[in-house]
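To start, the structure itself, in structure tokens.
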Amino acid sequence: MIRFEDYVPIVGEAVTDELRLLADRLRGTTVCHVNSTPVGGGVAEILTQMVPLLNQLGVPTEWHVIKGGNRFFAVTKKFHNALHGVAQSFTDDDFAAYRSTQEDNLAQMALDSHVVFIHDPQPAGLVARKAARGNHWIWRCHIDLSNPDPSVWGFLQPLVEQFDATVFSAPAFARRLGVRQVLIAPSIDPLSDKNRELSSDTISDIIDRLGIPRDKPLVTQVSRFDRLKDPLGVIEAFRLARPYIDSRLLLVGGSADDDPESAQVLAEVRDRVDGDADIIVLALPPTSHLEINAIQRASTVILQKSLKEGFGLTVSEALWKGKPVIASAVGGIPLQITHGHSGILTHSIEGTAYWIKQLLHEPDYARKLGEHGREHVRQHFLLTRHLRDYLLLLLSLRHPGQDLIYL
Amino acid sequence: MTAVAREPFRFVTQIVQVELTGLSARTVEELLGHLRVVPVGVLHQHTHRFVSDHQFLSPEPPNDFAYWVTEILGERRLGEQLAAVDIARFRSLEGLRAAMIDILDRYLFGAGAVRWAPEGSALHLTKAVSFILPTPYQATTLEEFLHGLKKVSIHSLYHHMFEARLRLEREQNDFSAWLAHSLGETALARAIARLDPYTQTMEGLRRRVASLVAQRLGEPAP
């Protein structure tokens with residue numbers, strides 16, 4: 001198990017001392033996180049690391065996952081797409097399925113800790129318990145709410161406004177709300193299997209085991225098979241670049257329990273590849289963290305060509321490994337990349353193709369981008385900064401309306 | 001004999017939590033409208049964020065308003081005017097607000113066609129909530145003060161040099177106030193007060209303050 005002390009060599013003692021000081025001020029406060037999947041996706045990954053560390057710092061923290069059937073997750077997937085501004089049609093039955101799942105879960109859960117953290121829309125309806133408990137509730141929104149479909153936002157907003165505070169990952173994601181909105185970017189864990197240092201032998205072993213040839217530079221996108229990640233656009237960009245530089249495209253994705261659409265998207269991707277030997281599609285189980293780590297480290301260039309994005313943590317993962325990243329200027333990605341300094345931001349398939357060629361032709365420039373990106377991630381997107389922000393948020397609940405808080 | 005202060009200097013540190021206001025601007029006129037009504041914590045966040053966030057790089061854009069007006073709206077002249085606002089001369093954030101509003105008002109009076117920020121490039125207004133915590137360091141002599149100054153984080157330095165004066169509206173920065181009033185070191189206090197903290201990195205500022213104190217002690221500059 002990862003110990004809190006293990007972060008000292010990475011971020012320095014001043015940072016870890018500050019976290020202990022904050023946690024000491026919270027002694028006796030109990031916390032419970034609720035989300036919709038135990039594995040797969042950024043939220044589950046963050047909680048897997050965050051919850052044990054909060055406990056080690058003396059803040060008793062639990063993590064619960066709501067239960068729901070296929071019908072519920074099909075509805076919440078439509079919620080997800082609609083909140084990102086993708087048109088969806090909803091029926092009264094959809095909203096009824098959402099409500100009944102909330103009631104089923106409320107019957108199973110105590111939700112009596114001092115602070116309840118609800119992640120994303122799937123369990124947001126649990127806030128119905130707040131009035132009876134009289135504890136603090138926080139809604140942690142990991143997605144971009146800047147342009148939501150009004151029908152689903154009209155359904156969710158009254159739920160969201162019952163919380164004491166909301167948390168968004170980027171300023172552009174928020175909306176005007178009747179409750180406090182706090183900015184907390186997500187983070188990556190530098191000690192997790194997905195991000196820890198690997199020896200070159202380990203990388204080679206894993207790459208060989210996965211059957212990935214290394215005779216050409218690898219251009220890689222790691223993402224769920226989701227239309228919003230634009231895997232077909234990635235294939236098109238690669239095919240535009242390939243005539244000018246010999247390389248291989250690697251599309252690596254996993255699936256998550258709360259994403260029923262991924263199998264369909266994966267089939268579309270395989271259809272588009274159509275036997276092209278320079279394009280490898282790997283569908284890995286959601287627990288393949290070490291494999292993802294090795295693949296990113298073995299790659300020459302990393303892509304994240306999302307059409308919409310919550311935050312796009314795969315960008316920080318790649319930057320932390322010192323890799324040059326070409327990513328769409330959407331969602332939280334511009335917070336992670338300053339164009340031309342710590343990576344490349346693009347707006348189109350053609351632009352992505354252009355920069356694939358540039359970075360493969362100019363390895364010195366590509367290396368500089370990766371180095372700057374790694375330092376930017378060290379400052380702003382590691383788990384320790386995220387922990388600090390959560391501790392501050394918990395402390396701020398005791399000082400509502402204050403801008404200067406003396407601890 | 002080493003002079004002992006009447007009151008010890010207690011180094012504190014501060015950590016900032018950023019709150020979203022839900023307000024955003026796509027034009028200079030929208031920015032001006034927001035600046036007239038937002039809490040001063042918003043003004044503080046957008047004029048001081050770069051100071052604490054980018055401590056390793058210098059020079060940096062002096063404030064978010066200047067950066068956005070220049071880089072996103074392409075209004076270079078206005079951007080330069082906003083960048084050149086001498087924050088060090090203001091004694092309160094309300095004074096700074098009035099100066100920013102005056103510049104934007106004058107610009108709009110003679111402005112031609114409205115320039116809109118492209119899709120996705122609006123300026124989102126945020127607010128700083130500051131948490132102030134004690135550090136293990138305190139000083140009753142100049143030697144102890146120098147020791148603490150070298151040890152504390154840049155966030156502590158930031159608090160005592162910036163936050164104390166402009167946000168807490170104290171007469172001068174905390175270091176100068178203590179040196180003058182508790183230790184009688186008026187010349188040293190004045191020398192530190194004369195430094196412009198906005199035109200150097202936090203580590204650069206630490207070196208300069210430490211160097212002035214070391215000189216007074218007759219020690220080589222750190």
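Derivation of every value follows stated rules applied to the coordinates shown; laboratory data play no part. What you see is a predicted model, and the numbers here were worked out from it, not measured in a lab. Positions of Cβ are backbone-derived with ideal geometry, glycine not excepted, and every protein chain shown enters the neighbour counts.
Observations
- Within a Gaussian network of chain A (alpha carbon springs, distance under 10 Å), most fluctuating of A:G178, A:G322, A:G233: A:G178
- Per-residue shielding of A:6-15, expressed as the average number of other chain Cβ atoms within 10 Å of the residue Cβ, stands at 1.
- Applying the Karplus relation 6.51 cos²θ - 1.76 cosθ + 1.60 with θ = phi - 60° to region A:116-124 yields 3J(HN,Hα) values of 10, 9, 9, 9, 6, x, 3, x, 4 Hz, where x marks Gly and Pro.
- Here the Debye sum runs over all C-alpha atoms of region A:8-147 as equal scatterers in vacuum, and log10 of I(q)/I(0) at q = 0.13, 0.17, 0.19 Å⁻¹ comes out as -0.66, -1.00, -1.17.
- Taking every alpha-carbon pair under 8 Å whose residues sit at least 6 apart, chain B reaches a relative contact order of 32 percent.
- Cubic angstrom per residue, convex hull over Cα atoms of region B:5-53: 131 Å³
- Principal semi-axes of the equivalent ellipsoid, √(5λ) from the alpha carbon gyration tensor of region A:89-140, are 22, 12, 8 Å from largest down.
- Between A:F95, A:F155, A:F173, the residue with the greatest mean-square fluctuation in the GNM of chain A (Cα pairs under 10 Å linked by springs) is A:F155.
- Structure note, pairs A:K67/B:K127; A:K308/A:K357; A:K130/A:K229: Cα-Cα distances above 31 angstrom occur for A:K67/B:K127; A:K130/A:K229.
- Within region B:17-126, all pairs of alpha-carbon atoms sorted by distance into 5 Å bins from zero give the percentages 2, 11, 23, 27, 22, 11, 3, 0.
- Integer Hz, Karplus 6.51/-1.76/1.60 couplings in order for region A:139-151, x for Gly and Pro: 9, 9, 9, 9, 10, 7, 9, 5, 9, x, 5, x, 5
- Counted over chain B with a bin width of 5 Å, the fraction of Cα pairs per bin, in whole percents, is 1, 6, 14, 18, 17, 13, 10, 8, 6, 4, 2, 1, 0, 0.
- Pair A:D246, A:E362: separation of 7 Å Cα→Cβ label points (nm): 2.4 nm
- Taking every alpha-carbon pair under 8 Å whose residues sit at least 6 apart, region B:17-126 reaches a relative contact order of 44 percent.
- Residue exposure sequence - A:S187, A:S192, A:S223 - by fewest surrounding Cβ within 10 Å: A:S192, A:S223, A:S187
- Basic side chains Lys and Arg get +1 at the Cβ, acidic Asp and Glu get -1 at the Cβ, and with that the dipole of the protein assembly as shown about its Cα centre reaches some 1080 debye.
- Alpha-carbon Rg/Rh ratio, for region A:200-380, with Rh computed the Kirkwood way: 0.93
- Couplings 3J(HN,Hα) of region A:328-336, computed from phi: 6, 7, 10, x, x, 5, x, 6, 8 Hz, in residue order, whole Hz [Karplus 6.51 cos²θ - 1.76 cosθ + 1.60, θ = phi - 60°; x for Gly and Pro].
- Cα pair distances of the protein assembly as shown binned at 20 Å [whole percent]: 18, 49, 29, 4, 0
- Loop-located GluC sites (Glu not before Pro) in region B:87-153 (DSSP state other than H, G, I, E, B) with a sparse environment of at most 11 neighbouring Cβ atoms within 10 Å: B:E119.
- Put a dot 7 Å past the Cα of A:S199, heading toward its Cβ, do the same for B:L108, and the two dots end up 6.6 nm apart.
- In this simple spin-label model, placing a label point 7 Å from the Cα along the Cα-to-Cβ direction at both A:D274 and B:A84 gives a separation of 6.1 nm.
- Each of A:K308, B:K150 was scored by other Cβ atoms within 10 Å of its Cβ. Listed from fewest to most, they are B:K150, A:K308.
- Evaluated with a Cβ-only charge set (Lys, Arg +1; Asp, Glu -1), region A:200-380 carries a dipole of roughly 460 debye about its Cα centre, given to the nearest 20.
- Computed E for A:D208/B:T186 - FRET, C-beta separation, R0 60 angstrom, nearest 0.05: 0.25
- Counting other Cβ atoms within 10 Å as a rough exposure proxy, the listed residues A:T314, B:T201, B:T47 run B:T201, B:T47, A:T314 from fewest neighbours to most.
- Sequence-distant residues sharing a close amide H with A:D230 (under 5 Å, placed H): A:L307
- Taking chain A and dividing mean pair separation by its residue count, relative contact order in percent (alpha carbons under 8 Å, at least six apart): 17 percent
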